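Engineer: Sending over a structure as structure tokens; questions will come in a sec.
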Amino acid sequence: MGQSNDSPNIDLNQQNIGKSLFKKFKGGDLKSTYLGKISDKGGKVRFYVVTEFRRLRAAIVYHGKSKLIFYNSSKKVNAQYHFDMPEELPFRLESNTLYFHDSNEKLSLLTLQIGEQLPKRIFNSY
């Protein structure tokens, strides 16, 4: 697709928070959404947060891959979390807190506060 796996597929500028970018490529497509940035107490950017859903054509069906990606302040991949379904990805980032819909439907909303360190695992990611 013309970009390295280490670089974001979407422009990580303030005006793009909440926006999605759709790209088609041979054999599939990609939707990238910039959720925003996570900052330290001094306001310095720690991470830029992007969700991605990629569909790849395999014969007559598509297979999907969902990712939550944290880019460092240099906009290089710091961590990636893989999910089975796009509905499991967070839909909002506000005040360093990620918001998820509860896939088990026990609660309507799940939140995760991100601090200085990223967790080893996020809910049912792998």
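Engineer: Suppose we flag trypsin sites (Lys or Arg not before Pro) only when DSSP calls them loop and at most 16 other Cβ atoms lie within 10 Å. Which is the longest uninterrupted stretch of the chain?
Structural biologist: 45-74
Engineer: Viscosity 1.306 mPa s, temperature 10 °C: what is the translational diffusion coefficient of the chain from Stokes-Einstein with a Kirkwood Rh over Cα pairs, rounded to a whole number of µm²/s?
Structural biologist: 104
Engineer: Between segment 58-73 and segment 3-41, what is the separation of their alpha carbon centroids in Å?
Structural biologist: 12
Engineer: While we're on this one: For the chain, modelled as a GNM with alpha-carbon contacts under 10 angstrom, which of Gly115, Gly42, Gly27 fluctuates the most?
Structural biologist: Residue with maximal mean-square fluctuation among Gly115, Gly42, Gly27: Gly42.
Engineer: Using a 1.4 angstrom probe on heavy atoms only, work out the carbon and sulfur share of the accessible area of the chain in %. Intermediate results must be reported in sequence, preceding the final value.
Structural biologist: Details: 3870 of 7940 Å².
The value for the chain is 49 percent carbon and sulfur by accessible area.
Engineer: Let me ask another. Please state the charge dipole magnitude for the chain, taken about the Cα centre, from unit charges on C-beta atoms (+1 on K and R, -1 on D and E), reported in debye and rounded to the nearest 20. Walk me through the intermediate numbers first.
Structural biologist: Values: 20 positive and 12 negative charges, 87 e Å.
For the chain, the charge dipole is close to 420 debye.
Engineer: Same structure, new question: Roll a 1.4 Å probe over the protein chains and send me the accessible area per residue for the chain in Å².
Structural biologist: Dividing the accessible area of the chain by its residue count gives 63 Å².
Engineer: I'd like the chymotrypsin sites (Phe, Trp or Tyr not before Pro) in segment 19-109 restricted to DSSP loop residues with at most 15 other Cβ atoms within 10 Å, sorted by number.
Structural biologist: Phe91
Engineer: Right, next: Output wanted: per-residue J couplings in Hz (rounded whole) for segment 87-97, from phi through Karplus 6.51 cos²θ - 1.76 cosθ + 1.60, θ = phi - 60°, x for Gly and Pro.
Structural biologist: 5, 7, 6, x, 10, 8, 10, 8, 6, 6, 10
Engineer: So, one more: What relative contact order, as a whole-number percentage, does the chain give when Cα pairs under 8 Å and 6 or more residues apart are counted?
Structural biologist: Working: 251 pairs, mean separation 21.3, N = 126.
For the chain, the relative contact order is 17 percent.
Engineer: Okay, next question. Hey, can you grab everything whose amide H is under 5 Å from the amide H of Arg92? Only 5+ residues off in sequence or another chain; H modelled, so Pro and N-termini drop out.
Structural biologist: Amide H neighbours of Arg92: Tyr99.
Engineer: If you don't mind, there's one more thing I want to ask. Give a residue-ordered list of calculated ³J(HN,Hα) values for segment 53-66 (Karplus: 6.51 cos²θ - 1.76 cosθ + 1.60, θ = phi - 60°; whole Hz; x for Gly, Pro).
Structural biologist: Listing the rounded values in order: 10, 10, 10, 10, 7, 10, 6, 9, 10, 10, 10, x, 10, 10 Hz.
Engineer: Let me ask you something else. Once you have a ≥ b ≥ c as the square roots of the Cα gyration tensor eigenvalues for segment 44-111, tell me rounded if a/c is under 1.5, and otherwise prolate or oblate according to whether a/b is larger than b/c.
Structural biologist: It comes out oblate by the Cα gyration axes.
The values are calculated or read from the model by the stated rules, or taken from the named source; none is laboratory data. Quick caveat: nothing in here was measured; it's all calculated off a predicted structure. Don't worry about glycine lacking a Cβ; one is built from the backbone with ideal geometry, like all the others, and counts go over all protein chains shown. The accessibility values were calculated without ligands, DNA or RNA, using every heavy atom of the protein model including side chains. Shrake-Rupley method; radii C 1.70, N 1.55, O 1.52, S 1.80 Å.
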